[in-house]
1. Considering the Cα trace of the range 95-134, what is its radius of gyration and what is Dmax, both in angstroms?
2. From the phi of every residue in the range 129-142, what ³J(HN,Hα) in whole Hz does the Karplus formula 6.51 cos²θ - 1.76 cosθ + 1.60 yield, where θ is phi - 60° and glycine or proline is x?
3. Report, by chain and number, residues whose modeled amide H sits under 5 Å from the one on T71, excluding near sequence neighbours (fewer than 5 apart, same chain).
4. Could you go through the range 97-106 in sequence order and give the Karplus-derived ³J(HN,Hα) for each residue, using 6.51 cos²θ - 1.76 cosθ + 1.60 with θ = phi - 60°, rounded to whole Hz, and x for Gly and Pro?
5. Please compute, for the alpha-carbon atoms of the range 34-107, the extent along each of the three principal axes and give them in descending order in Å.
6. State the Cα centre-to-centre distance between the range 166-211 and the range 112-148 in whole Å.
7. What lysines sit close enough to K189 to cross-link, taking a C-alpha to C-alpha distance under 29 Å and skipping anything fewer than 8 places away on the same chain?
8. For a quick check: with amide H placed at 1.01 Å from N, whose amide H comes under 5 Å from Q169's, ignoring anything fewer than 5 positions away on the same chain?
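Derivation of every value follows stated rules applied to the coordinates shown; laboratory data play no part. Computed from a predicted model, the values in this text were never measured in an experiment.
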Amino acid sequence: MKRLIIALSFLAICNSTTFAQNRDAAWGATFGYVNKGWVTDIDGKTIHENLWGQEDKKLHGFQMGITYSPTFYAGLGIDTGLFYECYISESAVVHDAGFDDFTEHNIYIPLHAQYKFPISRDFSIYVYGGIGMNIVLEGTYNINDYYTGYDWFGGRPYGGTSTYIAGYQEYDEGEWPRRFNLQYELGAKLKFSNFVITAGYAWGATNHKFYQGYDTRQNKLNIGVGYTTDLSF
């Protein structure tokens with residue numbers, strides 16, 4: 001399966017060079033939900049955990065970005081783009097450590113081969129497969145300060161919240177995840193007119209080395225909605 005996904009990505013890149021000058025291309029924007037977790041097989045037992053080792057838990061967040069999904073020839077094309085991902089957690093582990101929440105910022109870049117199945121003039125189904133790259137920019141533990149007071153003129157009460165960074169998550173150290181994650185990806189899209197619904201899953205290729213002598217992989221789920229604009233070259 002992994003070799004097939006890589007082969008499809010390579011084929012899509014080759015086709016883009018040949019057909020890009022006279023085929024339609026589609027630029028777009030998307031927003032959606034993402035979650036990720038880490039999986040380790042240890043002596044016949046599969047452990048699913050989040051960043052702090054809580055079993056059967058994941059990090060949840062949102063994803064937004066710019067997409068480029070041209071169809072070049074006979075339904076074959078590519079699917080790529082540049083995305084920002086933000087994961088936010090209020091786990092009990094975070095609270096027990098004295099923080100209010102944890103925030104992680106990521107860059108995500110996909111490179112997929114894509115095939116289009118036109119159902120009608122305005123409705124198409126796409127399937128894609130390839131690789132993706134996730135890069136952690138920063139992870140922070142935050143404390144929210146709540147304040148109240150009175151304005152100087154009317155004496156009316158007011159309140160609000162100020163957030164400051166109280167600690168940084170370490171990566172690439174010991175049992176913590178790597179900043180860079182390479183992953184194999186499969187997914188599908190439903191496109192009606194210029195609107196798109198996307199769902200995909202990623203299986204990690206990078207070993208995050210949570211446990212000595214065992215491989216730990218980072219897997220991810222994404223579901224999103226988007227809007228595309230067709231351009232001719």
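1. Cα only, the range 95-134: 19.1, 56 Å (Rg, Dmax).
2. x, x, 10, x, 10, 10, 10, 6, 8, 6, x, 10, 9, 10
3. A26
4. Taking θ as phi minus 60°, the curve returns 7, x, 10, 8, 7, 10, 10, 10, 10, 9 Hz for the range 97-106.
5. The Cα atoms of the range 34-107 stretch 54, 36, 13 Å along their principal axes.
6. Computed from Cα coordinates, the inter-centre distance equals 9 Å.
7. By straight Cα distance, K189 reaches K2, K36, K57, K58, K116, K220.
8. When sequence neighbours closer than 5 places are left aside, the close amide H contacts are G139, T140, Y141.
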